[in-house]
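Please read the structure below before turning to the comments.
Values in this text are rule-based calculations from the coordinates and carry no lab data. It should be emphasised that the depicted structure is a prediction, and the values quoted were computed from it without experimental measurement. Note: ideal-geometry Cβ built from the backbone for every residue, glycine included; neighbour counts use all protein chains shown.
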């Protein structure tokens, strides 16, 4: 009687091969599982802009309704296909207004759509929401530590402790709809300082 009668005729996987397979699947599986949900993703090129607060929250922003030098108002990006708002992270909040395009610094003109500009609503100092507006200086201001940002010069800091400008979101107008032209110019949010 053959002692190897019940032993498989196929070659067994070596320990080294098993370890390699384990390493590959351990890296691959978490990547799929830990993928960022679409509503937490930063605004994507082609996203439409919608009102972020108020009676019209979620409605498309009509570019013709934005008045020159008005106080910036909250907005969010929305995927045009799924209509999913990118509201899963406060770092996606935007502030939008219209400025005189002729007075906009040359460096930042390509980020505006017919004078409409969008900035991150998160202060670069400690991450407070930027809600204040200085109509005389035409500057957005943080209520926490009074950092001020020049909207005519790409969100440059003109007062207070903020260490860097606000991130600016390039815009486009396509078929009468305000859309995202490219990813943020600059880092969104604040830098922890120890």
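Add -39500 (n - 2.57) for each DSSP H run of 4 or more in the chain, then divide by its residues: what number comes out at 222 nm, to the nearest 500 deg cm²/dmol?
About -3500 deg cm²/dmol.
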Sorted by Cβ neighbour density within 10 Å, fewest at the top, the residues 97, 156, 17: 17, 156, 97
Most fluctuating residue given options 68, 171, 49, as computed from a GNM of the chain linking Cα atoms under 10 Å: 68
Which FRET efficiency value, to the nearest 0.05, do you get for residue 67 and residue 146 by plugging their Cβ-Cβ distance into 1/(1 + (r/R0)^6) with R0 = 35 Å? 0.85
Give, as ranges by residue number, the residues of region 40-72 whose backbone N falls under 11 Å from the point 7 Å along Cα→Cβ of residue 131. none
Using label points projected 7 Å from each Cα along Cα→Cβ, tell me how many nm separate residue 175 and residue 191, to one decimal. 4.2
Round to the nearest 10 and give me the degree value, 0 to 90, for the angle of helix 15-33's Cα axis relative to the longest principal axis of the chain. 30
Pair-distance profile P(r), taking every C-alpha pair of the chain, with 10 angstrom steps and integer %: 9, 31, 27, 11, 7, 5, 5, 4, 2, 0, 0
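Would you work out the relative contact order for the chain, in percent, from Cα pairs under 8 angstrom that are 6 or more residues apart?
In percent, rounded to a whole number, it is 19.
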Would you mind ranking 82, 120 by Cβ crowding within 10 Å, fewest neighbours first? 82, 120
Report the calculated FRET efficiency for residue 14 and residue 83 (r = Cβ-Cβ distance, R0 = 45 Å), to the nearest 0.05. 0.30
Most mobile of 129, 100, 150 per a Gaussian network model of the chain (Cα springs, under 10 Å)? 100
